[in-house]
Amino acid sequence: MNPSDVLFAITAVLYSAACVLYLWNLIEGKLQAGRFAFRTATIALIAHTEGIALLGIALRRAPFANLFESLIFLAWALVLIYLLTARKFRVAALGPFVMSLSVCMIVVASIIPRNPSPSLLSELNSRWSIVHVTSCLIGYASFTLAFTAAVSYMIHERMLKAKRVNVSHIHLPALSALDSLAYKLVSIGFPMLTLGIVTGAFWAQSAWSSYWHWDPKETWSFITWLIYATYLHVRIIQGRQGKWSNRLLVIGFIGVLVTFFGVNSLGYGLHRYNW
């Protein structure tokens, strides 16, 4: 087993432990459990970072060329962004979802076929590739967390209106905190996706002599960008918050799933590579 694989396995175990601690904090309201969960997730993130670095050294390139590598990096970005925002917005209640999703990504990545060759396809050898891929994946991670905050907002709001509040709902963040967190995450993800689309256009020009091909992934990236642009317009210009704007985040996340997973299952297009 490669050293990076060992670190990824350790990371998955530590994320699982953090998930249990976050659940304990959510159900029982144990603040100490929340602190231990944060520290455990931080240690896991360090191991995760070391694993990605060792993988890149072994491959002698940026490790973002196939689904295995993309899932590993996406899980890393998801946890990093969560830990950076969790303390400020006091959203430890979202920890179980973030940790369990990251574990799932690592496990799925470990069992799917991966290309053993350290060399990239000729189209991927571009100065734009690292910026394009990393910015898109960071954007996807931000949108995933925004989706989590939006769904938590809608569930919490419905429970409050129905006056069916149980112990776990008592420890959920305030509606205003969830709404603000979702907005902040989109404020991070939208510029990153924009950067990814722009650098992808320059990459396409260098690889295929055209900035835009209406490839399925390009098309869905643009659709997803429009959805989140609409959300920001509604949130900033029209000043509409709460349930209606959070529904847009659910629709936007569907666009993310189609862009990241769906179009690659079609079997055609310029973005198939090693998927």
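The values are calculated or read from the model by the stated rules, or taken from the named source; none is laboratory data. Since the structure is predicted, the reported quantities are computational estimates derived from the model, not experimental observations. Cβ atoms come from the backbone with ideal geometry, glycine included; neighbour counts cover every protein chain shown. These area figures cover heavy atoms from the full protein model, side chains too; ligands, DNA and RNA do not enter into them. Shrake-Rupley method; radii C 1.70, N 1.55, O 1.52, S 1.80 Å.
Observations on the model:
- With all protein chains in place and a 1.4 Å probe, the accessible surface of region 77-116 carries 69 percent carbon and sulfur.
- Approximating the spin labels as points 7 Å out from Cα along Cα→Cβ, the residue 209-to-residue 257 distance works out to 4.0 nm.
- Rounded to whole Hz, the Karplus (6.51, -1.76, 1.60) HN-Hα couplings of region 32-41, x for glycine and proline: 4, 5, x, 5, 4, 4, 4, 5, 5, 5
- When you restrict to C-alpha pairs under 8 Å that are six or more residues apart and normalise by the size of region 1-109, the relative contact order lands at 37 percent.
- Accessible surface, region 1-152, averaged per residue in Å² (probe 1.4 Å): 45 Å²
- Value of D in µm² per second that Stokes-Einstein yields for region 176-232, Kirkwood Rh from Cα pairs, at 4 °C (1.567 mPa s): 104 µm²/s
- Region 1-94: C-alpha pair distances exceeding 18 Å, %: 47 percent
- Of the cross-linked pairs 88/243; 184/243; 161/184, those separated by over 19 Å at the C-alpha level are 88/243; 161/184.
- Solvent-accessible area, 1.4 Å probe, carbon plus sulfur percent, for region 1-63: 71 percent
- Computed with every protein chain present, the accessible area of residue 16 is close to 50 Å² [probe 1.4 Å].
- Tensor-based shape of region 213-252 (alpha-carbon gyration tensor, a/c under 1.5 rounded, otherwise prolate or oblate): oblate
- Rounded to whole numbers, the Karplus 3J(HN,Hα) couplings from phi for region 189-201 are x, 5, x, 5, 5, 4, 4, x, 5, 5, 5, x, 5 Hz, using 6.51 cos²θ - 1.76 cosθ + 1.60 with θ = phi - 60°, and x at Gly and Pro.
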